[in-house]
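I have placed the structure first, in the form of C-alpha cells, so that the comments after it can refer back to it.
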Amino acid sequence: MKSRLAAALCAALLATPAAADWADAVNAYNAGDYATAAKEFRPFAENGQAQAQYILGWIYQNGEGVPQDYAESAKWYELAAKADNVDAQYALGSYYMAGAGVARDDAKAAEWFRKAAERGKAGAQYLLGYLLSRGEGVTRDDKEGAAWYRRAADQGYAEAQYAVGLALGTGIGVDRDEPQSNAWLRKAAEQGHVDASYLLGWNYAQGVGTLPDYTEAAKWYRQAAQSGNVEAQYQLATLLRDGRGVAKDEDAADALFRKAAEAGQASIPAAIDEYLKAGKFDRAVGLAEAWLAKRPDDVQLLTLLGVTAANEARTDPARFGPPAKNYGDRAIALIEGGKRPEGMSDVDWNEYEHKWLPQLHLRLGAMAQKAGRTEEARTRLEKMTRIAPKDPYGWYLLGQTHFTEYERINAQSKGLEGSAKSEAVSKAFGQLDKVIEFYARAVGLTDGREDLADLRAPLMKDLRGIYEFRTGSRAGFDEMLAKYRVN
C-alpha cells in the first residue's frame with residue numbers, strides 16, 4: 001500500500017505547479033513526519049488538487065500524523081473521486097462496500113468501482129466483478145462479473161486470478177474448463193494466494209482437470225497450510241499420515257491434525273475414527289483431547305471413544321479401562337441430560353439415545369464387573385435393563401453380577417456358625433434366585449433368534465445347572481422359562 005502512495009506522490013510532483021511546496025510535503029511524508037505532511041498537503045487539497053485530496057484521504061484513513069478518521073478520509077476521497085482520480089474512486093467504492101466513513105451502500109460502491117474499472121484499476125475491476133457475481137448493489141450478472149474478473153486477472157491481480165479459476169471450475173459465467181481453472185489457480189497460488197493454493201492442492205489430489213498427483217497436491221497444501229489454511233492443514237496431515245506424495249511422517253501429521261482440531265476443522269472426528277480403526281488409540285486420544293477442548297459436548301465422539309476403549313479393555317483393562325470410563329461417563333451424562341447435537345433432528349436424536357445409552361451402560365457395566373466393582377456393575381446394568389429390557393445381554397450380565405455376589409457371600413458363610421451362617425446362606429440363595437430370574441429373562445429373549453445362538457446355548461446350560469442346584473430337581477424348569485419367553 002505504501003508503494004501505491006509513493007507512486008501517487010511522484011506523479012503529483014510532476015503535475016503540481018508549486019513543485020517546491022509539494023516537495024516539502026512529500027519529503028515530510030517520506031521522513032515519517034506525518035503531522036507536517038498532513039499540514040503541507042491540506043492547502044493543495046483545499047484548492048482542489050485531486051491528488052492532494054486523495055493523499056489526505058489516505059492519511060486520515062491510516063491515522064498518520066492525525067487521528068484516524070474514516071469520515072474525514074471519505075470526504076477527501078469523494079472530492080478526489082469526483083475530480084476523476086482513479087485511486088480515490090477505488091478507495092471510495094471500498095468505503096461504500098465496507099460501510100467505513102459512510103453508510104454502507106453497495107449500489108454506490110458498484111458505481112465508483114465501475115468508474116475506476118473502466119480506467120483499468122485492477123482492484124476495482126475485481127470488486128465490481130464480485131458485486132456483479134453476487135447481485136449486491138446491482139443486478140446479478142455472472143457473465144459480466146466473470147468478464148471483470150478476467151480483466152483484473154490479466155493484470156496479475158491474485159484475487160481475480162483465483163476468482164477466474166473458480167468460475168472456470170464451476171462454469172459460472174463462463175464455459176466450464178477445469179484445466180484452465182487450474183492454470184489460473186496456479187497463477188494466484190504462485191503469488192501466495194492461500195485459498196488458490198488449497199484448491200489447487202485439492203484438484204491435484206482428486207484429479208480434477210488434471211491427472212492425480214499427490215506430490216503436487218502436498219506441495220500446494222503445504223503452502224496453504226503454512227499460511228494458516230485449516231482445510232489445507234487437515235489434507236496435508238492425511239497425506240503425511242498415509243505417505244502419499246510425501247514421506248510418511250505420523251508425528252508431523254499428528255501436529256497438523258491438532259492445529260486443525262484447535263481451529264475446529266469439521267473433519268477431525270473422521271481422522272480420530274481412522275486412528276481408532278488402525279489401532280492407534282493414543283494418537284486418537286491426543287487428537288480427541290485437542291478437539292474436545294473446544295467442543296466438550298461432542299457426544300458422538302465421546303460415545304465412539306468410550307465404546308472403543310471399553311471393547312479394548314476386555315483384553316487390556318489397565319490401559320483402556322480409565323479412558324473407557326472417562327469418555328463413556330461423559331457421553332452418558334450428555335445423553336441423559338438431553339444434549340442433542342446441533343443439526344441433529346429430534347427423530348435422529350431419539351434413535352441415537354435409544355441405541356447408544358444402553359450400549360454405554362452395558363459396556364461399562366461389563367468392564368466394572370470384570371474389574372471386581374460389583375456394585376458399580378449392578379447399578380449400570382440395572383439402568384441398561386430398564387432402558388433396553390429386550391436386550392438379552394443386559395439381563396445375562398446382570399445375572400453374572402448377582403452370581404458373583406452369591407459366590408462372595410457363600411464363601412464368607414463357610415467360616416460362620418449357627419444363625420450367622422444360616423443368614424448368610426439365605427442371602428446367598430437370594431442372590432442365586434436373582435441369577436436364575438435374570439438368566440431366564442435372557443434365554444427367553446434369545447428364543448427363535450439364530451443370531452443369538454452363541455449366547456443362548458451356553459446360557460441355557462448354565463441356567464439349567466444353577467436351577468437344579470438351587471431347587472434340587474428339574475421340575476418346573478420349562479414352566480419357569482415359559483414366563484420369560486418373548487412371543
- prompt: From Gly192, Gly165, Gly209, which residue is without any contact (Cβ under 8 Å) to a residue 40 or more places away in the chain, closer than 30 Å to Glu144 by Cβ and not in a helix (DSSP H, G or I)?
  reply: Gly192
field: The listed residue being acidic (Asp, Glu), modelled with pLDDT under 95 and part of a helix (DSSP H, G or I), out of Glu78, Glu40, Glu72
entry: Glu40
task: Kindly list the number of the only condition in (1) of a type in the set (Lys, Arg); (2) within 22 Å of Gly171 (Cβ to Cβ); (3) in contact with a Leu (Cβ under 7 Å, 6 or more places away or on another chain) that fails for Arg151.
output: (3)
field: Failed item, numbered, when Thr401 is tested on (1) β-branched (Val, Ile, Thr); (2) surrounded by fewer than 17 Cβ atoms within 10 Å (Cβ to Cβ); (3) under 17 Å from Ala442 (Cβ atoms)
entry: (2)
statement: So, first residue loosely packed, with under 13 Cβ neighbours inside 10 Å in segment 169-185, second residue at pLDDT 95 or above and not basic (Lys, Arg), Cβ within less than 9 Å, six or more apart or across chains; the pairs are Asp175/Leu168; Pro179/Leu168; Pro179/Gly209; Pro179/Thr210
- request: Test Glu289 against the stated conditions and say whether it is buried (at least 18 other Cβ atoms within 10 Å of the Cβ) and charged (D, E, K, R).
  value: no
query: Where residues in segment 81-124 are aliphatic (A, V, I, L, M) and not in a helix (DSSP H, G or I), which of them is nearest to Arg151 (Cα to Cα)?
result: Ala83
- request: Report, by residue number, each residue of segment 372-387 that is crowded, with 19+ Cβ neighbours inside 10 Å and among the aliphatic types (A, V, I, L, M).
  value: Ala377, Leu381, Met384
field: Checklist (1) of a type outside the set (Val, Ile, Thr); (2) more than 13 Å from Leu287 (Cβ to Cβ); (3) surrounded by fewer than 22 Cβ atoms within 10 Å (Cβ to Cβ) applied to Lys259, failing item
entry: (2)
task: Identify the single condition in (1) within 12 Å of the chain's Cα centre (by Cα); (2) part of a helix (DSSP H, G or I) that Gln265 does not satisfy, given that it satisfies every other one.
output: (2)
task: Note down all Cβ pairs under 6 Å where the first residue falls in segment 60-83 and is at positive phi and surrounded by 15 or more Cβ atoms within 10 Å (Cβ to Cβ), the second is in a helix (DSSP H, G or I) and not acidic (Asp, Glu), and they're at least six residues apart or on different chains.
output: Gly65/Tyr34; Gly65/Ala35; Gly65/Ala38
task: Tell me which of these Gly343 doesn't satisfy, since it passes every other one: (1) farther than 30 Å from Arg222 by Cα; (2) free of Cβ contacts under 8 Å to residues at least 12 places away in the same chain; (3) in a helix (DSSP H, G or I).
output: (3)
message: I'm trying to understand the selection: among the residues of segment 233-256, which are more than 17 Å from Ala293 (Cα to Cα) and either of a type in the set (Ser, Thr, Tyr) or surrounded by fewer than 15 Cβ atoms within 10 Å (Cβ to Cβ) (or both)?
response: Tyr234, Thr238, Asp242, Gly243, Ala247, Lys248, Asp251
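The values are calculated or read from the model by the stated rules, or taken from the named source; none is laboratory data. As the structure is a computational prediction, the values presented were derived from the model and not from experiment. Please note: Cβ atoms are built from the backbone with ideal geometry, for glycine as well, and neighbour counts cover all protein chains shown.
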